[in-house]
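Okay, so here's the structure we're looking at.
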Amino acid sequence: MSALWLAVGFWLAAWALNVWLAGSRVSQTRFGKALVPLIFGATVLVLWEGLVRGLGVAPVILPAPSVIAAKIAVSLPTLWQDFAQTILKGAIPGFLIGAGAAFLVAIAIDRSPFLQRGLLPIGNFVAALPIVGLAPILVMWFGFDWQSKAAVVVVMVFFPMLVNIVAGLQASERMQRDLMATWGASYLQSLVRLRLPAAMPFVFNGLKIASTLALIGAIVAEFFGSPVYGMGFRISTEVGRLGLDMVWATIAVAALAGSVFYGLITLIERWVTFWHPSQRH
Amino acid sequence: MTRVLPVLTVLAGIVAIWYAAAVWMNATWVFDQAQRAGTVVTWSEVIPQTMTQDRPLLPPPHQVGAELWKGLFGQAITSKRSLVYHAYVTFKGTMMGFGLGIIAGVLLAMAIVRFRVMDMSVMPWAIISQTIPIVALAPMIITLSSQLGLQGRDLPKAIIAAYLSFFPVLVSMVKGLRAPDQMQLDLLRTYGAGEWATFLKLRLPASMPYFFASLKVAVAASLVGTIVGELPTGAIEGLGARMLIGSQFGEPLIMWAALFAAAILAGLLILVVGLVERLARMRMGVPA
């Protein structure tokens, strides 16, 4: 039990420290901005470790963070192979193809109000469908290797992106478009100079949603058939063998990969849409 | 009519492409059969045969439609073979997850916008939380909840659904609550408005378009979460379980019918959320 109380004590102390840090001048610096979430994360880990040790939770229910870390250290080659298969070959190509195709289609139907009125309701509808259900069908068509995973990701990413880009292209105000017209701007000029920049907050909103969808799609698709490596394969077989430390190790890799992916998109967003009110804190 | 015609045109195009693809993909099987039997078939004989296979690679629309009709109206809605029954099971899980997700998302967004320490410490982790493949946690959540004495699969499914649906609400609400610009905030300060008044009269109304936009995403995510939650947990009820059964027994028609039932359910859910949004906007005086 003492491990538990130690952890709770650590938690309270760390929280107090964070409140003080957030209010102080340190939080304005880049160092402080990284420090506060790190302290919070460390607190969660310590609390987790304390709970598991203090209450004697069985490792088949929840392994302690130290056990998971040890597992990661000894199985790095396996984890890298899984990562390469699922993220590098499945999720990222699928994400790029899906988002690129959505962009091209959005531009293509931009000049045709008829097609827009036809495709938008359908795109909106399909974007909301549980497309994950297509995974078994696509695995049946494209085989067990990464092609079928990339295909699932393409389909999952395409419609949310399409809807966001089309909505974004309509985001510029009437007055702004009229101004472009009085300057004699051509369609292409007003697209590149006004409407695409104005669409960027929507585009990045879509990209952020798509980045998490891409990971889910690539991993879930592996539940329906995969080579004997890949993160989804690892998770489903290790859950079956009650090797929960390996499951959590894979989850840690997935979380890391996803955050780096998301972080990159956020960085680019900050650079592109610096003018949007939500970017000015 | 001007609104329906474009949609119908695009739909007709999709159906046409679907039929063409069905002929193209299913023809391989017909040619294989013919070769094995030692006969030669012409295209005019192949095309009818691609329309009526028991286990087609891509079932043509009318086969899916027939299977869907059989599932929805062919039997009593309490039957285990009725898609209405399975859709209801999925709907129940979706709604529980949706409710939990909205509450969690809005409360967290309020705390994040109000307290700097929450923004700095929780927001990065909320984002990271979405990158964890929740499907992997599903069996563990079920083991845990059964150990805590909770029977049934409703709660684990709802937790998975809430986990996926709180995020769009959170992201949009944080954006929405921060949408008022400095000038508007300054104006309220000159009125002597307190923090709570600023929240109620400026931040909350300003966030409503973002909130309702996120609800459509959230309800869809909740449905995805419920279906994914039904996939690996050995569930026998729900649309996700039907898809898994279709996949395991090599019955593409069951898979496609379950997929379209899920699509219809998603459509109904979004329709209802859209209606609620219109009502709310009318009450708030925004021209629809």
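Read-outs: derived from the displayed coordinates by stated rules, not from any lab. Nothing here was measured: the structure is a model prediction, and the numbers come from that model. As a convention, Cβ positions derive from the backbone with ideal geometry for all residues, glycine included, and neighbour counts pool all protein chains shown.
List of remarks:
- Average other protein chain Cβ within 10 Å of Cβ, residues B:266-274: 2
- Alpha-carbon gyration tensor eigenvalues x 5, square-rooted, for region A:2-57, Å: 27, 10, 5
- Cα gyration tensor, region B:4-58 - rounded (a/c under 1.5), prolate or oblate: prolate
- Nearest-0.05 FRET efficiency for residue A:57 and residue A:272, computed from C-beta distance (R0 35 Å): 0.15
- Working note: 222 nm ellipticity from helices only, DSSP H runs with n ≥ 4, each -39,500 (n - 2.57), summed and divided by the residues of the protein assembly as shown, gives -25500 deg cm²/dmol to the nearest 500.
- Unit charges at the beta carbon, dipole of chain A: most positive-side option, A:98, A:11, A:27: A:27
- Chain A: relative contact order in percent, alpha carbon pairs under 8 Å with at least 6 residues between: 22 percent
- Taking the fewest neighbouring Cβ atoms within 10 Å as the starting point, the ordered list for B:185, B:83 is B:185, B:83.
- Across peptide A:262-269, the mean count of Cβ atoms from other chains lying within 10 Å of each residue's own Cβ comes to 1.
- Measure of compaction for the protein assembly as shown (Cα Rg per 2.2 N^0.38 Å): 1.04
- Within chain A, helices built from complete DSSP H runs that reach 18 Å or longer along their own axis (Cα positions) and carry a mean Kyte-Doolittle hydropathy of 1.6 or higher are A:92-108, A:146-169.
- In terms of the mean number of neighbouring beta-carbon atoms within 10 Å, the peptides B:213-225, A:25-37, A:191-203 order highest first as B:213-225, A:191-203, A:25-37.
- In this simple spin-label model, placing a label point 7 Å from the Cα along the Cα-to-Cβ direction at both residue A:84 and residue B:79 gives a separation of 5.2 nm.
- Number of partner chain Cβ atoms within 10 Å, mean per residue of A:54-63: 1
- When the square roots of the Cα gyration tensor eigenvalues are ordered a ≥ b ≥ c, the ratio a/c for region A:77-228 is 1.5 or more and a/b exceeds b/c, which makes its shape prolate.
- The number of Lys pairs in chain B with C-alpha atoms less than 17 Å apart, excluding pairs fewer than 8 positions apart on the same chain, is 5.
- Neighbour-count order for A:95, B:31, A:204, fewest beta carbons within 10 angstrom listed first: B:31, A:204, A:95
- Taking A:72, A:131 and counting other C-beta atoms within 10 Å, the order from fewest to most: A:72, A:131
- Note on chain B: along the principal axes its Cα atoms extend 89, 57, 36 Å, ordered by decreasing extent.
- Listed residues A:140, A:86, A:56: farthest to the positive end of the dipole of chain A (Cβ charges): A:86
- Over chain A, equivalent-ellipsoid semi-axes from the Cα gyration tensor in Å: 41, 29, 13
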